[in-house]
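Here's the structure, in structure tokens; my notes come after.
The values are calculated or read from the model by the stated rules, or taken from the named source; none is laboratory data. Only a predicted model underlies this, so the values are computations on that prediction, with no experimental measurement involved. Note: ideal-geometry Cβ built from the backbone for every residue, glycine included; neighbour counts use all protein chains shown. Side chains included, ligands, DNA and RNA excluded: accessible areas come from the protein's heavy atoms. Shrake-Rupley method; radii C 1.70, N 1.55, O 1.52, S 1.80 Å.
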Amino acid sequence: NNMARQSRSTQFAAQGRDGRLLRAYLAVVWGVPERPRGTIVTGIARSTANRQKMAVSRAAAAREAITHYEVLETFGNPPVASLVRCELETGRTHQIRLHMAHIGHPLLGDVTYGAGFKSAAGRLTLTSRESLKSLNRQALHAAVLGFEHPRNGKHLRFESALPADMDHLISALRHG
């Protein structure tokens, strides 16, 4: 109905800054971020070099993007990859993919923003390489969506289990 639509629109327009909207993702990234948790704040705009891509930008037309991250687990000795939880304060196109690549830790399987890490797959075990190849996408999963119910104001939270392909990749990384 109109009330629900208006409430949803208002919550998404606030981009989570008012605490009513929660969007959390799980990502498997190359390497280990320097800090175990942090906040990435940049501008994001359409790439001037390739209009099919987005880019971190300082241009006046760039839109502010804020991602909070926390390293949940590392894989390998020495670590070659990490499981990271990302919470969006804003919601820009390719935001998590761009932000993690921006700090030097692109998502496994991301051929658009992590192409420079393609050779890093050689540091994985055979089982992990096969799992990554069968993933055939970015190692990114929308894990949690929370929002305020439009009628009663109650906070609703929905969690989504890891899909089998990503679960298989993480298991392979854990067990070498």
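Data for the structure
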item: Residues within the stretch 77-91 that are surrounded by 17 or more Cβ atoms within 10 Å (Cβ to Cβ) and in contact with a helix residue (DSSP H, G or I) (Cβ under 8 Å, 6 or more places away or on another chain), tallied; result: 6
item: Residues satisfying the stated conditions in the stretch 121-173, i.e. under 20 Å from the mean Cα position of the chain (by Cα) and basic (Lys, Arg); result: Lys133, Arg137, Arg157
item: Of all residues in the stretch 110-130 being surrounded by 15 or more Cβ atoms within 10 Å (Cβ to Cβ) and free of Cβ contacts under 8 Å to residues at least 40 places away in the same chain, the one that is farthest from Ala142 (Cα to Cα); result: Ala121
item: Filtered residues of the stretch 138-176 (kept if open to solvent by 70 Å² or more (accessible area, probe 1.4 Å), of a type outside the set (A, V, I, L, M) and free of Cβ contacts under 8 Å to residues at least 40 places away in the same chain); result: Asn152, Lys154, Phe158, Glu159, Asp167, His168
item: Which listed residue is small (Gly, Ala, Ser) and closer than 18 Å to Tyr69 by Cβ, from Ala115, Ala121, Ala143; result: Ala143
item: Residue satisfying condition, being open to solvent by 10 Å² or more (accessible area, probe 1.4 Å), without any contact (Cβ under 8 Å) to a residue 24 or more places away in the chain and of a type in the set (Val, Ile, Thr), within set Thr74, Thr48, Thr39; result: Thr48
item: Residue list for the stretch 149-166, filter: among the acidic types (Asp, Glu) and in contact with a Ser or Thr (Cβ under 7 Å, 6 or more places away or on another chain); result: Asp165
item: From the options Glu130, Glu159, residue that is over 30 Å from Arg63 (Cβ atoms) and out of contact with any Lys or Arg (no Cβ under 9 Å at 6 or more places or on another chain); result: Glu130
item: Residue in the stretch 51-64 that is free of Cβ contacts under 8 Å to residues at least 24 places away in the same chain, open to solvent by less than 60 Å² (accessible area, probe 1.4 Å) and farther than 26 Å from Pro36 by Cα present; result: yes
